[in-house]
Amino acid sequence: MPPPESPPPPRADAAGLAALRADLAGAGYTVDGVRSLLGPVADAALHREQPLAADLATRGVGDPAAVLARCFALGMPVATADLDRALPGLTAVGAGALGLVELGAGDARALCDLRPYGDEADDWWVVSDQSEIARGGPLPPDHVLGVGPASMTVAQWTPRRPAGRALDLGTGCGVQALHLAGHSGTVVATDLSERALAFARFTTSLAEVPVDLRAGNLLDPVASERFDLVVSNPPFVITPRRPGVVTYEYRDAGLVGDAVVRELVRTVGDHLEPGGVALFIGNWETRDGQTWRDVWTSWLDGTGLDAWVVQRDDQDPAEYAELWAGDAGARSGTPGYEDLYAAWLADFAARGVERIGFGVVALQRPTGPRPPWSDLVDHRGPVADAMGPTVDAGLRARTWLVEHDDDALLDVAWSCAPDVTEERHARPGAADPSVIQLRQGGGLGLTVPLDTVGAGLVGVCDGSLTARQALGAIAALLEQPEAAVTATAIPVLRALVADGLLI
Ligand SMILES: C[S@@+](CC[C@H](N)C(=O)[O-])C[C@H]1O[C@@H](n2cnc3c(N)ncnc32)[C@H](O)[C@@H]1O
């Protein structure tokens with residue numbers, strides 16, 4: 001069967017966009033507006049790509065935001081007269097001229113997905129292709145993805161420090177570029193797909209956010225350019241290179257195995273200013289008895305980049321096949337699905353792949369000549385919604401630690417971070433605790449066990465005593481040599497500073 005075809009992308013006509021912007025705002029078609037229209041349950045279900053509750057909540061409702069939600073988020077036909085009322089400036093005919101809808105006899109049907117999206121500071125709308133549910137069938141190979149869980153992960157983990165020049169690699173619908181514009185002087189966004197760039201142009205023009213959009217493979221469009229921040233939700237999905245396996249532009253860069261992520265690691269440093277950061281997500285394969293840390297150590301070798309890699313999950317080849325064989329609309333139990341599943345298993349077997357890791361990667365180019373640091377962490381549990389500040393602080397803390405010796409570390413009067421609490425557990429009736437641990441309320445939500453010296457040190461870290469003074473007093477109290485107490489405390493102190501429990 002030939003693959004399904006995509007409609008043409010919308011056209012970013014300035015007059016039409018201005019009318020559309022005014023109409024969408026006037027209709028209250030915003031994140032908050034849609035949430036109050038649908039209610040929290042239907043709104044959350046829609047975010048999980050379950051449209052029925054939102055359909056029931058908007059059926060027969062003439063409110064402009066309801067008409068827009070039915071048309072552009074649910075992909076349902078709406079009466080032309082209703083769309084005219086919801087878009088009084090643009091009109092249904094104008095929406096047709098922009099390529100947003102197809103007009104029928106008395107009704108209009110969306111050709112794309114257009115949804116409100118925002119952060120704490122801004123309300124935007126993101127335009128993308130319709131999901132498989134709104135389309136009612138499998139996705140075409142040139143599908144342009146809307147905002148999904150992976151987009152949100154990248155957005156949430158990006159350190160939002162002011163950046164002179166920022167790059168969004170593989171911009172798709174343009175969502176990361178919108179976020180970057182809030183804290184960057186110039187935003188460049190690239191994509192291999194001209195179709196994706198058309199969506200990004202529409203999204204960013206509708207938001208009146210200037211973005212320099214460029215077509216090309218990976219970092220080719222920015223050859224010899226440098227950035228303070230590079231973000232990417234790259235096409236990292238490992239895909240078998242076999243006849244019959246459709247390749248989707250939105251998730252697959254056409255390379256074998258995890259080569260696209262490796263390629264990014266090896267080359268992005270050439271495009272970072274000193275102190276510049278690259279933040280992206282991806283998959284990595286472990287083969288023939290390797291650990292994921294072995295893979296990352298070899299990838300980073302010779303790049304000169306600092307690296308903080310947080311592995312959030314890992315899967316075996318069958319789990320990975322189940323995740324991605326069904327992602328674009330193939331259904332379990334159909335012969336097509338089983339062929340795909342088998343192709344993934346064969347592809348992994350051919351390379352001796354045992355596990356496939358997934359996680360978030362923060363790379364930093366050092367500001368001067370020094371050996372790079374790396375911290376490869378496996379952390380599966382829930383994390384804070386906004387991880388950007390944690391990444392920002394974590395990069396700064398780890399950089400400070402590598403640039404300062406133990407004497408400098410001991411001469412700082414550290415404070416315990418405000419989100420840290422201490423837990424003590426004792427056997428019933430025992431006078432002293434058998435377990436003392438710190439719990440981090442924000443960020444990675446770490447739990448850190450402490451020994452007596454560590455607990456004593458953190459207990460007095462209120463910014464008034466240096467670590468050296470505190471450890472001197474603890475050594476006296478424990479009647480132990482100060483040098484020995486200090487030596488055991490230094491690695492603990494370094495770890496607590498790196499992870500932001502001491503600031
Ligand atoms: C997973 S989507 C990310 C979209 C968006 N940035 C987000 O965060 O949701 C990956 C994007 O990379 C693009 N892409 C695929 N292969 C590429 C390549 N070789 N070079 C640059 N971009 C590529 C796809 O067209 C797609 O828009």
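The values are calculated or read from the model by the stated rules, or taken from the named source; none is laboratory data. For clarity, every value in this text was computed on a predicted model and none was experimentally measured. So basically every Cβ, Gly included, is an ideal-geometry build from the backbone, and we count neighbours across all protein chains shown.
Quickly run through the stretch 138-157 and pick out the residues that are hydrophobic (A, V, I, L, M, F, W, C) and either near the ligand (Cβ under 8 Å from one of its atoms) or without any contact (Cβ under 8 Å) to a residue 60 or more places away in the chain (or both).
Across the stretch 138-157, the qualifying residues are Val144, Leu145, Val147, Ala150, Met152, Val154, Ala155.
Report yes if some residue within the stretch 112-131 is closer than 20 Å to Leu52 by Cβ and at pLDDT below 95; otherwise report no.
Yes, that holds for at least one residue.
Every residue in the stretch 181-200 that is more than 10 Å from the ligand (Cβ to nearest atom) and surrounded by fewer than 22 Cβ atoms within 10 Å (Cβ to Cβ), please.
Gly182, His183, Gly185, Thr186, Ala198
From Thr367, Thr390, grab the single residue that is within 26 Å of the chain's Cα centre (by Cα), surrounded by fewer than 19 Cβ atoms within 10 Å (Cβ to Cβ) and closer than 29 Å to Ser298 by Cβ.
Unique residue meeting the criteria: Thr367.
So which residues in the stretch 420-454 are outside any strand (DSSP E or B) and in contact (Cβ under 8 Å) with a residue 24 or more places away in the chain, if there are any at all?
Within the stretch 420-454, Gly442, Gly443, Leu444, Gly445, Leu446, Asp451, Thr452, Val453, Gly454 qualify.
In the stretch 1-43, which residues are among the acidic types (Asp, Glu) and either under 27 Å from the mean Cα position of the chain (by Cα) or surrounded by 14 or more Cβ atoms within 10 Å (Cβ to Cβ) (or both)?
Asp13, Asp23, Asp32, Asp43
Go over the candidates Pro491, Pro428 one by one and state the one that is exposed (fewer than 15 other Cβ atoms within 10 Å of the Cβ), at pLDDT below 95 and either of a type outside the set (S, T, N, Q) or in contact with a Lys or Arg (Cβ under 6 Å, 6 or more places away or on another chain) (or both).
Pro428
Considering Arg135, Arg160, Arg165, which residue is at pLDDT 95 or above, over 19 Å from the mean Cα position of the chain (by Cα), away from the ligand (no atom under 11 Å from the Cβ) and basic (Lys, Arg)?
Arg165
Just to check your reading of the model, which residue among Asp82, Asp13, Asp23 is over 17 Å from Ala207 (Cα atoms), modelled with pLDDT of 95 or more and of a type in the set (Asp, Glu)?
Matching residue, one of Asp82, Asp13, Asp23: Asp82.
I need the full set of residues from the stretch 220-262 which are under 19 Å from the mean Cα position of the chain (by Cα), near the ligand (Cβ under 9 Å from one of its atoms) and not hydroxyl-bearing (Ser, Thr, Tyr), in order please.
Correct list: Val231, Asn233, Pro234, Pro235, Phe236, Val237, Glu249, Arg251, Asp252, Ala253, Val260.
Would you mind finding the one in Asp288, Asp385, Asp294, Asp339 that is surrounded by 14 or more Cβ atoms within 10 Å (Cβ to Cβ) and among the acidic types (Asp, Glu)?
Testing whether each residue is surrounded by 14 or more Cβ atoms within 10 Å (Cβ to Cβ) and among the acidic types (Asp, Glu) leaves just Asp339.
Take Val222 and decide whether it is buried (at least 20 other Cβ atoms within 10 Å of the Cβ) and either touching a helix residue (DSSP H, G or I) at 6+ places or on another chain (Cβ under 9 Å) or within 27 Å of Ser6 (Cβ to Cβ) (or both).
yes
Give me a count of the residues in the stretch 455-502 that are in contact with a helix residue (DSSP H, G or I) (Cβ under 8 Å, 6 or more places away or on another chain), closer than 27 Å to Gly443 by Cβ and not in a helix (DSSP H, G or I).
Number of matching residues: 8.
Among Thr303, Thr286, which is the only one that is part of a strand (DSSP E or B), farther than 22 Å from Val383 by Cβ and of a type outside the set (A, V, I, L, M, F, W, C)?
Thr286
Pairs needed: first member in the stretch 391-409, more than 15 Å from Leu502 (Cα to Cα); second member anywhere, β-branched (Val, Ile, Thr) and in a helix (DSSP H, G or I); C-beta distance under 8 Å; at least 6 residues apart or different chains.
Sorted first by the residue in the stretch 391-409, then by its partner, the pairs are Asp406/Ile490.
Scan the stretch 226-242 residue by residue and report those that are within 26 Å of Asp339 (Cβ to Cβ) and among the hydrophobic types (A, V, I, L, M, F, W, C).
Phe236, Val237, Ile238
Can you name the number of the only condition in (1) under 23 Å from Tyr320 (Cβ atoms); (2) surrounded by 23 or more Cβ atoms within 10 Å (Cβ to Cβ); (3) within 17 Å of the chain's Cα centre (by Cα) that Ile281 fails?
Only one criterion in (1) under 23 Å from Tyr320 (Cβ atoms); (2) surrounded by 23 or more Cβ atoms within 10 Å (Cβ to Cβ); (3) within 17 Å of the chain's Cα centre (by Cα) is unmet by Ile281, namely (2).
Within the bounds of the stretch 357-369, is there any residue that is among the small types (Gly, Ala, Ser), touching a Lys or Arg at 6+ places or on another chain (Cβ under 8 Å) and assigned to a loop (DSSP other than H, G, I, E, B)?
The answer is no, given that none of the residues of the stretch 357-369 is among the small types (Gly, Ala, Ser), touching a Lys or Arg at 6+ places or on another chain (Cβ under 8 Å) and assigned to a loop (DSSP other than H, G, I, E, B).
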